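K.L.:
One structure, as structure tokens, below. Some questions next.
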Amino acid sequence: MADEGTTTMAALKQTLLSLSVSLSYYCIGLVRGYSAPAVPSMHETAPGLLPSKNIASWVSSIPPFGAFFGSLVAFPLMHRIGRKYTVLIASPLWAIAWVLIATATDWRVLFVARMLSGFGAGLSLPAAQVYVSECSDPKIRGVIGSLPALAMSFGILVMYIMGKFFDWRLLAWICCGMACCLFLAVACFPQSPVWLKTRKQYEKAHVSAKWLHLQGFSVDPKAASGSVAPNPTGQRNEKCPAEAIPPKPFSKEALLRREIMIPLGIGLVLLLIQQVSGIDAVVFFTVEIFRAAGSSMDGHVATIIVGTVQVLSNIAALFVVDRAGRKPLLIMSGLIMCLAMASMGAAFHLNSIGNTSFGYLPIVSLIVFMIGFSIGFGSIPFLLMGELFPTAQRSLLSSLAGSFNLAMMFTVIKTYHPLEDLITASGTFLMYSVLCALGVVFVITCVPETKGRELESIQKLFERKPRQQHEMLESGKGASHDNPVFTATDEIVRHQQNPSEKRSYDTKL
């Protein structure tokens, strides 16, 4: 009974922390969704505020550009002051940005304020996900780690709905209030015990892990310090040469190691696929896309429907991410998005040749696309950022990955209209479809499964194989995985977790 009570309390505290920190992603959703209802409202109530279409376009799309720089700044902040305080810093920045927007009388103020709101998004994007991943147990990390993505999609939907009832100034004041709520919600929770351990604050790390009831988390100052026991004989110990001392975590030697470069490469490619699927072209230009495709449904209503489907799909994903695993969901997600984008391209082609009998094909295509995106590529790449990246370099790698993701988001948004003019709207969506298909191939061949694993055992997947284990793999005795990312080290970890498998493994040898 005591163990059940401890497990329940652990799940409750870790979920509360995740929900509170996910408010930062909710605020990011408000930033992303603001331009869709606000720009038309500005044209109606303050016609001179956005004097040209080009200025309106830049005010709408500049947040990802600001977020790019925010993610770069996030690295030193995450490393020095921790994940929690990096998230908290975004709160006053957002509050200032929304006040500037609400009181703006010139487009230059709007431009600066939108960029500042993007900068805050860049700070919290990597910090919040890493904070949540480091403060959750492996058994529930998939569910808890998916809450930020759900909060972001919910923020976008709420903004779409509020935009039908409130003008752009009142929307900004409401968002300012939410930024203040974020600060109050996160301030009462402890720092990440993993970060405290890397900063050698072992007592605080122990208190934090105890409060969160983290299973399997231990603080061993001697092991963490990497110190080598003295040799009483005074002779050189051949088993532990000086070269065996690990390099500094942010040195060139450390960052170019296999166990750093492979997870970083996997993370960057997954985030690239997430963006080149066309998701932000859909989010930013939903109303325009429906009108251009010749859909018979009102564009604003269609926007709310698509946003609602995204939220419901993210909720459904919470219940399967720890059962189905990360890799199967990514594969399914990519396939669904590939088919949906191809269908959307077909709708634009039919409209271009004068065939308008396709009715609800655009809305159905985008609903299917949002379902596919939400169950996999919408949340799992961010979840894997907190799982694949090594603890010592996690702040740097998450910051780089977040900056890359936001740079690609800005690129996709700004290239949508030029691509539409160059290869037509039909060709643009068919291009997104092909890129989604290539993403599926990448997931099948290169992405490991991390479901239910401890963070330390995940990092061992990418370590170089010892010679003996390599020979066993070559002979076919030491591996039962067809994924080249899995190594013999992974087999050892798996057999430790499943003794019955280990007995059969020893029989084979």
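The values are calculated or read from the model by the stated rules, or taken from the named source; none is laboratory data. Note that the coordinates shown come from a computational prediction; the quantities given were computed from them, not determined experimentally. Because the Cβ atoms are built from the backbone with ideal geometry, glycine has one as well, and the counts that use them run over all protein chains shown. Accessible surface is based on the protein model in full, side chains and every heavy atom, while ligands, DNA and RNA are left aside. Shrake-Rupley method; radii C 1.70, N 1.55, O 1.52, S 1.80 Å.
K.L.:
Note the direction-averaged projected area, equal to a quarter of the hull surface, for the Cα convex hull of segment 346-452, in nm².
P.N.:
Here the figure is 8.5 nm², rounded to one decimal.
K.L.:
With every protein chain left in place, what is the accessible area of TYR360 in Å² (1.4 Å probe, nearest 10)?
P.N.:
Estimated to the nearest 10 Å², TYR360 gives 130 Å².
K.L.:
What fraction of the Cα pairs in segment 99-201, stated in percent, has a spacing above 24 angstrom?
P.N.:
38 percent
K.L.:
Taking 2.2 N^0.38 Å as the expected size of a compact globular protein, what ratio does the Cα radius of gyration of segment 1-219 give against it, to two decimals? Walk me through the numbers on the way to the answer.
P.N.:
Details: Rg = 19.1 Å, N = 219, 2.2 N^0.38 = 17.1 Å.
Dividing the Cα Rg of segment 1-219 by 2.2 N^0.38 Å gives 1.12.
K.L.:
Taking 27 Å as the cut-off for C-alpha to C-alpha distance, list the pairs among LYS13/LYS200; LYS200/LYS451; LYS84/LYS451; LYS84/LYS200; LYS164/LYS327; LYS210/LYS327 that go past it. Show your work: numbers first, answer last.
P.N.:
Values: LYS13/LYS200 24 Å; LYS200/LYS451 29 Å; LYS84/LYS451 25 Å; LYS84/LYS200 17 Å; LYS164/LYS327 38 Å; LYS210/LYS327 31 Å.
From LYS13/LYS200; LYS200/LYS451; LYS84/LYS451; LYS84/LYS200; LYS164/LYS327; LYS210/LYS327, over 27 Å: LYS200/LYS451; LYS164/LYS327; LYS210/LYS327.
K.L.:
Which distance in nm do the two modelled labels at TYR202 and ALA437 give, with both placed 7 Å along the Cα-to-Cβ direction?
P.N.:
5.6 nm
K.L.:
Then there's this: Between VAL364 and ILE96, with labels modelled 7 Å along Cα→Cβ, what's the label distance in nm to one decimal, could you check?
P.N.:
5.1 nm
K.L.:
Return the distance in nm (one decimal) between the two label points of a simple spin-label model at GLU44 and LEU12, each offset 7 Å from Cα along Cα→Cβ.
P.N.:
Between GLU44 and LEU12, the simple spin-label model gives 4.6 nm.
K.L.:
Something else now. Keeping all protein chains in position, work out how much accessible area PHE68 exposes to a 1.4 Å probe, and write it in Å² to the nearest 10.
P.N.:
60 Å²
K.L.:
Next up: What Kirkwood Rh does segment 123-168 have if only Cα atoms enter the pairwise 1/r average? Answer in Å.
P.N.:
12.2 Å
K.L.:
Just order 8-16, 84-92, 264-272 by mean Cβ neighbour count inside 10 Å, highest at the front, would you?
P.N.:
84-92, 264-272, 8-16
K.L.:
Pop out the carbon and sulfur fraction of the accessible area of segment 375-427 as a percent, whole number, probe 1.4 Å.
P.N.:
Ligands and nucleic acids excluded, carbon and sulfur give 73 percent.
K.L.:
Something else now. Over segment 59-113, with every protein chain in place, what whole percent of the accessible area is carbon and sulfur at 1.4 Å, could you tell me?
P.N.:
76 percent
K.L.:
By how many nm would the segment from PHE166 to ILE444 grow when fully extended, if each residue of separation counts as 0.36 nm and the alpha-carbon distance is taken off?
P.N.:
So the extension gain works out to 95.5 nm.
K.L.:
Using a 1.4 Å probe on the protein heavy atoms only, what accessible surface does GLU203 show? Give it in Å² to the nearest 10.
P.N.:
150 Å²
K.L.:
What number does segment 44-103 give for Rg over Rh if you use C-alpha atoms and the Kirkwood radius?
P.N.:
My calculation puts Rg/Rh at 1.12.
K.L.:
Measuring with a 1.4 Å probe in the full set of protein chains, what accessible area per residue, in whole Å², belongs to segment 1-219? Write down the numbers at each step before the final one.
P.N.:
Values: 8660 Å² over 219 residues.
Value for segment 1-219: 40 Å² per residue.
K.L.:
Right, something else. Just to compare against my own numbers: the Cα pair-distance distribution for segment 14-136, 5 Å bins, whole % per bin, please.
P.N.:
Taking all Cα pairs of segment 14-136, the binned fractions are 2, 12, 21, 21, 16, 11, 8, 5, 3, 1 percent.
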